[in-house]
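Worksheet: the structure to be examined is printed underneath.
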Amino acid sequence: MILNRTELELVLAEVAPVLPGGWIQKIHQPQPRTIVLDIRVPGETHRLLISCEPNSARLHLTTGSHPNPPTPPPFCQFLRAHFQGARLDKICQIENDRIVELQITSKDGPRKIICELTGPKANILILDAERRLLRDCTRQCTEIGKTYAPPPQGNSLPKPALSRFPGSAGGKYPVSEGIDAYYREQESVQTVDRVKDERRRALKKTLKKEQRLIEAWRGDLAKAAGYHDYARYGELIKANLGTITKGTDQIEVTDYFDDQLPTITIPLDPMKSAQGNMDDYFRKHRKYLAAEQELRPRIERAEIDLERLRQELQEIEQGTWAPTIAPPTKLNRATSIKPRTLDQPRGPFRRFISADGLPIFVGRNARENDDLTFGLAKSDDLWLHARGTPGSHVVVRLGKGADPPPETLRDAATLALLYSDLKKSGKGDVIYTRRKWVKKAKGQAPGAVIVTQEKSVHVSLDKNRLNVIKQRTSHE
């Protein structure tokens, strides 16, 4: 709803005797098509709101605060550059229409702000002393630099409509107060509706992500379940190592884990030795145990969260939902339920927990690499980096004199490979040493180091290992 001519006349009757001679102290643009001028007159400061929103074009005094964007829009920057500290000389209505002119003396000389409050084509324009168009709020004008002419009127103006804002009894500026209260209430309702729509979209998006994630975890769990008996196979191969020759693709053994002592056939990889086949079976059984320990509780927690999200979405659809934040604060998308990923750590450095419960820190850029290695890391900590290529510094926190467990070393090396230029190839060598054997490279950029007494390990990006590491992301 926009102001009609009568309402605009009543507003001007209130402000025209008060604002002229005042100084424009502050300028804000809380909405794309709304500006607020803080005008100082002797003894008090008035806030003049001018909006050229198509459905709420208006001009009136306002009270309270209006949330502003973090960075002022270009039109606001222009106004601040040319009108902050300027004097308002006169405010008047043009040709009895819904157009208001503010005559201003600025540091650049006489200027005018034209407020066309005429509905769909409403606009705020800036004119120079010769009434040439300098700038407009909506960027609808193609006549920049040309002499301004008011929008053409019809053959006759419509009869004045009655004011819908009688104002509050006893108010100093009753019409402005009535208009201000009405639009604040409307904006509050619109804000709640906007928050509700944003929350609905966020919930639907998160539900899809959570469902896909749960399905992926169930698939990993089902795959790992196939390794349930692999520890038994490994033990049976171990008991028969001396009878297995390389190139054999299976072996028949007595299953002494079964009271009936049946003979079973165990498949073998003919390209690997007996020891290699045994290690493979034990390794896959460890994957099964890790999946049972990690994935099953995670799926249960995710399903509980999923049900809570479904319930909230149902409340929105049924109209019983209420925002947990007060308008006009916007919905904070960061509070939406989201699965954390490898690239969503909190605080400085990426942070993970190894299979053995040891903290792993990964730098995200050259500066963090430098801070991690020469700030956070202690002399006995383990330090890793992909060999011969740009990448992140990786540090594993170790106790004094302690050696890194094999699985921790493999986890940290995998992360060093992942956050390096070797990621695309999916495999490569990672060097590792104690932090005390890493020195700054003098005269080089941050993160450049000289490493001595290093060892290396060859690693490949193992999807299952990465999934497990990802779910152990530290929340410190």
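The values are calculated or read from the model by the stated rules, or taken from the named source; none is laboratory data. Since this is a predicted model, take the numbers as computed values, not measurements. Here the Cβ is made from the backbone with ideal geometry for all residues, glycine too, and neighbour counts use every protein chain on show.
Observations on the structure shown:
- Residue that is assigned by TED's automatic domain parsing to the domain that holds residue 306, of a type outside the set (A, V, I, L, M) and without any contact (Cβ under 8 Å) to a residue 60 or more places away in the chain, where the choices are 200, 212: 212
- Residue count, segment 367-386 (criterion: touching a helix residue (DSSP H, G or I) at 6+ places or on another chain (Cβ under 8 Å), polar (S, T, N, Q) and buried (at least 18 other Cβ atoms within 10 Å of the Cβ)): 1
- Candidates 397, 346, 340, 333, filtered to the one that is of a type outside the set (S, T, N, Q) and at pLDDT 90 or above: 397
- No other residue among 423, 463 is surrounded by 14 or more Cβ atoms within 10 Å (Cβ to Cβ), at pLDDT below 90, under 31 Å from the mean Cα position of the chain (by Cα) and not assigned by TED's automatic domain parsing to the domain that holds residue 218 apart from 423.
- Yes/no for residue 372 being under 18 Å from residue 452 (Cβ atoms) and either part of a loop (DSSP other than H, G, I, E, B) or in the same structural domain as residue 454 (by TED's automatic domain parsing) (or both): no
- Candidate set from segment 111-152 (those that are hydroxyl-bearing (Ser, Thr, Tyr) and not in a strand (DSSP E or B)); member that is farthest from residue 7 (Cα to Cα): 142
- Single residue of segment 24-38 satisfying the filter (more than 29 Å from the chain's Cα centre (by Cα) and exposed (fewer than 15 other Cβ atoms within 10 Å of the Cβ)) that is farthest from residue 78 (Cα to Cα): 25
- Verdict on residue 98 being among the basic types (Lys, Arg), touching a residue at least 60 places away in the same chain (Cβ under 8 Å) and within 19 Å of residue 16 (Cα to Cα): yes
- All conditions in (1) of a type outside the set (Val, Ile, Thr); (2) at pLDDT 90 or above; (3) within 30 Å of residue 42 (Cα to Cα) hold for residue 182, with the sole exception of (2).
Quick grid of which residues meet (1) in contact with a strand residue (DSSP E or B) (Cβ under 8 Å, 6 or more places away or on another chain); (2) part of a strand (DSSP E or B); (3) assigned by TED's automatic domain parsing to the domain that holds residue 356; (4) touching a residue at least 40 places away in the same chain (Cβ under 8 Å):
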position: 266; (1), (2), (3), (4): yes, yes, no, no
position: 284; (1), (2), (3), (4): no, no, no, yes
position: 288; (1), (2), (3), (4): no, no, no, yes
position: 294; (1), (2), (3), (4): no, no, no, yes
position: 309; (1), (2), (3), (4): no, no, no, yes
position: 315; (1), (2), (3), (4): no, no, no, no
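- Note on segment 176-197: residues that are more than 18 Å from residue 315 (Cβ to Cβ) and of a type outside the set (S, T, N, Q) total 11.
- Residue selection: residue 41 fails the criterion of being in the same structural domain as residue 53 (by TED's automatic domain parsing) and buried (at least 21 other Cβ atoms within 10 Å of the Cβ).
- Scanning segment 93-110 for residues that are assigned to a loop (DSSP other than H, G, I, E, B), of a type in the set (Val, Ile, Thr) and within 21 Å of residue 45 (Cβ to Cβ) yields nothing.
- Only one entry in 468, 449, 430, 457 is within 21 Å of residue 295 (Cα to Cα) and either assigned by TED's automatic domain parsing to the domain that holds residue 367 or in contact (Cβ under 8 Å) with a residue 60 or more places away in the chain (or both), namely 468.
- Elements of type strands (runs of 3 or more DSSP E) in segment 1-92, at least 1 residues being over 24 Å from residue 171 (Cα atoms) and not hydrophobic (A, V, I, L, M, F, W, C): 23-31, 34-41
- Long-range neighbours under 7 Å by Cβ, at least six apart or interchain, first residue modelled with pLDDT of 90 or more within segment 372-389, second small (Gly, Ala, Ser) and part of a helix (DSSP H, G or I): 382/412; 384/412; 384/413; 384/416; 385/416; 386/416
- Restricting the search to strands (runs of 3 or more DSSP E) fully inside segment 398-476 and requiring at least 1 residues that are of a type in the set (Asp, Glu) gives 427-434.
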